[in-house]
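Written out below as structure tokens is the structure these notes cover.
The values are calculated or read from the model by the stated rules, or taken from the named source; none is laboratory data. Note that the structure is a prediction, hence the values are computed from the model and not measured. In this analysis, Cβ positions are derived from the backbone assuming ideal geometry, glycine residues included, and neighbour counts consider all displayed protein chains.
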Amino acid sequence: MATGKIHPDNDPIDGEGTVLGDYWYCQCLSPDCNLRFPAPGTSTESCPVCRSKAEKRIQIPTSVLPENNKTGTATPISVLMDNLRSVYNVGSILRTADGAGFSHAYLCGITPTPDHPRLAKTSLTAELHTMWSFHRNGVDLVQQLKNRGTHIISLETNKSAVNIFKSTTPIMEETVLVVGNEICGIDPAILDLSDQILYLPMGGIKKSLNVAVSFGIAAYSLIHRNPLKSG
């Protein structure tokens, strides 16, 4: 049986930060496996699961989206990550923030910063293009932002929160969307300083979504409420 270097989670794409280049959909030639998977054209052609020989089938285009998928317009919104624990959540949020055209990322408390070696797995080079800054104390930062007229929106579930899909408050000239710790949520002192607290309605038994997923939903909901946006 063929052997080859594989990622520990059976991902044959080694170096997750690379998003361009020669990639193929391959297929394992073992009839007992028959796995179909993406891999770089330069990789050893072996199945990442059973390690049998694999064959390149279809080359993946470097761009699969229409040319008009980019608006080329940044929004006046930034994200503030308050004491996030997971480097993968931070990477995912940075990627979404870049896609949504957010102007800045504030990383506070214990939140991993973009220079973390594992962050590229989910940010996929967005960390190289996103303006960011680190702040030890999120409460102090929010107070400073408010003092200069920034509108603070926190994404949290509490008695003061409003359903994000029923809120009609327009986005101000400068707005910061705050997301918090995966276990404890946003610092209560930041919630007290917030101009608005929004929540995502839940249809199942769980009370909340993963913070990176929640941010993605909220980010695109807010930018489409932004009167300054175009595209």
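The table that follows gives values for the structure above.
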read-out	value
Hey, LEU193 among the aliphatic types (A, V, I, L, M), surrounded by 14 or more Cβ atoms within 10 Å (Cβ to Cβ), farther than 18 Å from ALA105 by Cβ and under 20 Å from the mean Cα position of the chain (by Cα) or not	no
Boolean, ALA39 is at pLDDT 85 or above and under 25 Å from the mean Cα position of the chain (by Cα)	yes
Cross-chain or 6+ apart pairs with Cβ under 6 Å, region 193-216 first and touching a residue at least 60 places away in the same chain (Cβ under 8 Å), then in a loop (DSSP other than H, G, I, E, B)	VAL211/GLU182
Number of positions in region 160-217 that are within 20 Å of THR96 (Cα to Cα) and of a type in the set (A, V, I, L, M)	14
Pick from region 200-222, criterion closer than 16 Å to PRO170 by Cα and surrounded by 21 or more Cβ atoms within 10 Å (Cβ to Cβ), ranking: farthest from the chain's Cα centre (by Cα)	LEU222
Qualifying residue in region 58-81 (condition: surrounded by fewer than 18 Cβ atoms within 10 Å (Cβ to Cβ), modelled with pLDDT of 85 or more and either on the phi > 0 side of the Ramachandran plot or not basic (Lys, Arg) (or both))	yes
